[in-house]
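Report on the structure given below.
None of the figures in this text is laboratory data; all of them are computed from the coordinates on show. Just so it is clear, the structure is predicted and the values come from calculations on it, not from any experiment. Reconstructed Cβ throughout: ideal geometry from the backbone, glycine too, with neighbour counts over all protein chains shown.
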Amino acid sequence: MANSFTIALKLDDLAAVRGYRTLFEGMSLALDPGSLLELRGLNGAGKSTFLRILAGLTRPAAGKIDWLCASEDHAFRHFLGHLDAIKPQETVRQQAMFWASFLGVADSRHSAREALKVVGLANRADVPGRGLSAGQRRRLALTRLVMAPRAVWLLDEPLAALDADGQTMVRDLIKDHRKQGGLVIAAMHGEGFENAQILDMGEFTPRQSAVTDEVA
Amino acid sequence: MANPVVTLFFRELRLAWSGGGGAALPVGFYAGAATLTPLALGPAPDLLRAAGPGILFITLALASLLPMERLFQADLEDGTLDALGASGANYTGMALAKTSAHWLASGLPLSLIAPVLWVMLQGPGAAVGVVLACALSGSLAFFFIGAIGAALAAGVRRGGLLIALTALPLYAPATIFGASALYAVSEGRDFGQALNLCMACAMAAVALGPFAAGAALKTALD
Amino acid sequence: MDKYAPYVFSAYGVAIGLLAATAIGVVVRLILAQRLLKAIEKDQKA
Amino acid sequence: MISTFANPHRFMKFTQWMGPALLGLGIVILVWGLYQGLVLAPADYRQGDAARIMFVHVPAAMMCMGVYAFMVLASLSSLIWKHALADIAAKSAAPVGAVFTLICLITGSLWGKPIWNTWWEWDARLTSVLVLFFIYLGYMAIWSALETPQKAGRAAAILCLVGAVNIPIIKWSVDWWSTLHQQASITLTKISLPADYIVPLFTMLAAYGVLFGALVIMNMRAEIFSRRAEMLVQRQYASMD
């Protein structure tokens, strides 16, 4: 099902503020279709905020974000944050099916079953959310990416909490997605993907600017 | 392909019911508070008939406030709101789906036992239909106005009190019209105008509430 | 002034008292905020 | 004009002296208004001197609505045009509005005491002002509950606008409610306004208005100073890690 995406991203002088702290400023970059951007930086450098801005959840303090994509359809992104959006009282299959139909997948039952196989939760379909380990919760969250093809993947430490074959599964998912021309922007520590663009948040943290009069 | 908002509505309904008696808690509170009244005021029928309608509506308002704190906060804390927001669904639709599901799960049962409490508080039995109508429209107004407070206080740890403080003044119109409709019917007067106004409050809340709650959710996610 | 004088004076007293209290509160808050900022700026330069 | 104030730096420079100056002017007008109200104006032929309470009560009632309208404008410009100063203006005006509402309530009940000899009469206007007082409290509670200022600003602005939509409905429903329960003979508003009461009334309103301006400006400056102090502290932590 290789449906190819035509999506590119252009950031122009992006800046983000949390409370009064400017996390990063003056960030400009461009991503062509099929590229992978790996975010590096210390904790609190703004990696998660950067992903939330691209996901349209957080409002940037300054700068422009241009998604150059063919379809004007608003739903072209997947956001996988630290939190896995798992409901403790619902079973794995129910949650996968909910996300399938919510994200507009045609046959939610079938695609949910397929996705659970891909992420390796097929034999835990009837386990309620509270019965899952951190790794299994992360795998359930990954089913969203598998079921609904979306051009842009925004992943916050996707490999965290996953065991070895879980990580290889995610690597393959990312490789396939890039082959289809999709964009992957992920906060990852030290994973070697070939021809990945590295973005070190440290370059954009503000130098100790003098006392400014402006009110953040 | 089902509309996302409808899908979310049915999921919320299932979650609200399967939350282990979650829906029954407000009903328990409502019945408990209403039965405390005779213990406080004494069993004299005419006294209870005089105070009954007012008590019914005040406790209905407070019972409607109970489920508000977990309405949006649960989804904010477990990341569901992030995923819903990033998937491009509109916030107003989300607020509408979640609030109406929670109303069906808790608000409707509240309205259904209102007539029972009405009879317990010596209200005339014939008026049970009107009481149900008042309770339905009243709880609708209380839920959809309370949802605005719930969305505003979603990011706050113990937001319950904040929701009560911000929502209670806005409960004034629905309380006035609902309670006076109940008084009218208990005294055999014409209750039409008051009931219509109470229903108008409910419809306004259902129409405008999710818009404000959606904007507040977007702010909470920022 | 007739028999209502006590009500009139207490009403005026409340009005002026509350306004005065607010004014004092705001002025004190302004002075404290300014002094706090000066202190922080000074020790950040040091 | 609005945009020139939108820049905090220019606002701080411009209002350097405005705060205290307005405060002084307000006090002068207030004294002049009190003198008129207590001394020059004749007693009301029916209520005697009790009617003098009108000079502190009625302007306060006008101010608590006026301040809320100011906050609605500030909230709109904060949500729509994203003025950094707009939500600071609304936040600074709220406590002053709440104080005017409190003044209105207390002087109203003091005025009602000689007429209805109860401390609190559920008169239609007083009741609506009481509900408005709780809307003010809710607004201020939102500010104190949310930590990050930008989030608190937008949430408070939304609540302010929701309140604005509801206030006319509440006002109407309370009036409807008070006509339903026919009680006490005359309400405060029935008093005809003799010509020589008008000047002191508007002097007091002017005094309240100028004092409001002074208090809001000083409150805004205090808010901006404390935000800058907070920013410096946070930047200091940021540079450490």
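Principal-axis analysis of the Cα atoms of chain D puts helix D:18-35 at an angle of about 10° to the longest axis.
Computed over chain D, the quotient of the alpha carbon radius of gyration and 2.2 N^0.38 Å is 1.16. Please give the helix A:108-119 orientation as an angle from the longest Cα principal axis of chain A, in degrees from 0 to 90, rounded to the nearest 10. Between helix and principal axis, roughly 70 degrees.
For the options D:Met12, D:Met140, D:Met231, a Gaussian network treatment of chain D with springs between C-alpha atoms closer than 10 Å singles out D:Met231 as fluctuating the most.
Of the chymotrypsin sites (Phe, Trp or Tyr not before Pro) in the range D:1-104, the ones in a loop by DSSP (not H, G, I, E or B) with at most 13 other beta carbons within 10 Å are D:Trp17, D:Tyr45, D:Trp81. Lysines within cross-link reach of C:Lys38: Cα-Cα under 20 Å, excluding same-chain residues under 8 positions apart? Filter leaves D:Lys13. Subtract the Cα-Cα distance of D:His181 and D:Trp81 from 0.36 nm times their separation in residues, and report this length gain in nm to one decimal. Stretched fully, the D:His181-D:Trp81 segment lengthens by 31.5 nm. The DSSP beta bridges internal to chain A are antiparallel in roughly 45% of cases. For chain C, compute Rg over Rh where Rg is the Cα radius of gyration and Rh is the Kirkwood radius from the inverse mean 1/r over Cα pairs. Ratio of gyration radius to Kirkwood radius for chain C: 1.48.
Here the residues B:Tyr171, A:Tyr20, ranked from fewest to most Cβ neighbours within 10 Å of their Cβ, fall in the order A:Tyr20, B:Tyr171. If only the Cβ of Lys and Arg carry +1 and only the Cβ of Asp and Glu carry -1, the dipole of the protein assembly as shown around its Cα centre is close to 460 debye. Residues whose amide H lies under 5 Å from that of A:Ala8, counting only those 5 or more places away or on a different chain, are A:Leu68, A:Cys69; hydrogens are built 1.01 Å from N in the peptide plane. What angle do you read, to the nearest 10 degrees and between 0 and 90, between the alpha-carbon axis of helix A:164-179 and the longest principal axis of chain A? Helix A:164-179 sits roughly 70 degrees off the main axis of chain A. Arranged from fewest to most other beta-carbon atoms within 10 Å of their beta carbon, A:His82, A:His177 become A:His82, A:His177. DSSP beta bridges fully contained in the protein assembly as shown are about 50 percent antiparallel. With 32 Å as the limit on Cα-Cα distance, the pairs of A:Lys179/D:Lys82; D:Lys113/D:Lys171; A:Lys10/A:Lys175; B:Lys218/C:Lys42; C:Lys3/D:Lys91 that go past it are A:Lys179/D:Lys82; B:Lys218/C:Lys42; C:Lys3/D:Lys91. Legend: ranking of residues A:Ile174, B:Ile113 from fewest to most surrounding C-beta atoms inside 10 Å; resulting order B:Ile113, A:Ile174. Take the Cβ atoms of B:Ala200 and A:Asp200, set R0 to 51 Å, and the FRET efficiency comes out at 0.30.
When the alpha carbon coordinates of the range D:101-142 are projected onto the principal axes, the ranges are 38, 16, 11 Å, largest first.
Can you pull the one-decimal nm distance between simple spin-label points at A:Asn123 and D:Asn117, each 7 Å off the Cα toward Cβ? Placing both labels 7 Å beyond Cα along the Cβ direction yields 8.8 nm. Peptide B:172-183 is shielded by partner chain Cβ atoms: per residue, an average of 4 of them sit within 10 Å of its Cβ. Dimensions of the range A:91-216 based on its C-alpha atoms, expressed as ranges along the principal axes with the largest first, amount to 58, 36, 28 Å. With Cα atoms as the point set, the radius of gyration and Dmax of chain A evaluate to 18.1, 60 Å. Computed on the Cα atoms alone, the convex hull of the protein assembly as shown gives a volume of 180 cubic angstrom per residue.
The mean count of C-beta atoms from other chains within 10 Å of the C-beta of residues in B:69-78, rounded to a whole number, is 1. Taking a straight line from the alpha carbon of A:Lys87, these aspartates and glutamates sit under 15 Å away, with near neighbours fewer than eight places off in the same chain left out: A:Asp126, B:Glu12, B:Asp75, B:Glu77, B:Asp78, B:Asp82. In this rough spin-label picture, where each label sits 7 Å from Cα along the Cβ direction, the A:Ala161-A:Asp32 distance is 3.6 nm. Two numbers describe the Cα atoms of the range A:79-142: Rg and Dmax, which are 10.6, 30 Å. Diagonalising the gyration tensor over the Cα atoms of the range A:1-115 and scaling each eigenvalue by 5 before taking the square root yields semi-axes of 30, 20, 12 Å, largest first.
Amide H contacts of A:Asp200: A:Arg40, each under 5 Å away and 5 or more positions distant or on a separate chain (H built 1.01 Å from N in the peptide plane; Pro and chain starts excluded). Among A:Leu142, A:Leu51, A:Leu103, which one shows the biggest mean-square fluctuation in a GNM of chain A, springs joining Cα atoms closer than 10 Å? So, out of A:Leu142, A:Leu51, A:Leu103, the one fluctuating most is A:Leu103. For the pair A:Asp66 and A:Gln89 in one chain, pulling the backbone fully straight at 0.36 nm per residue adds 4.3 nm over the alpha carbon distance.
Quick one: Debye curve from the C-alpha atoms of the range B:4-221, no solvent, what's log10 I(q)/I(0) at q = 0.07, 0.13, 0.17, 0.18 Å⁻¹? Debye output, listed in q order: -0.21, -0.70, -1.09, -1.19.
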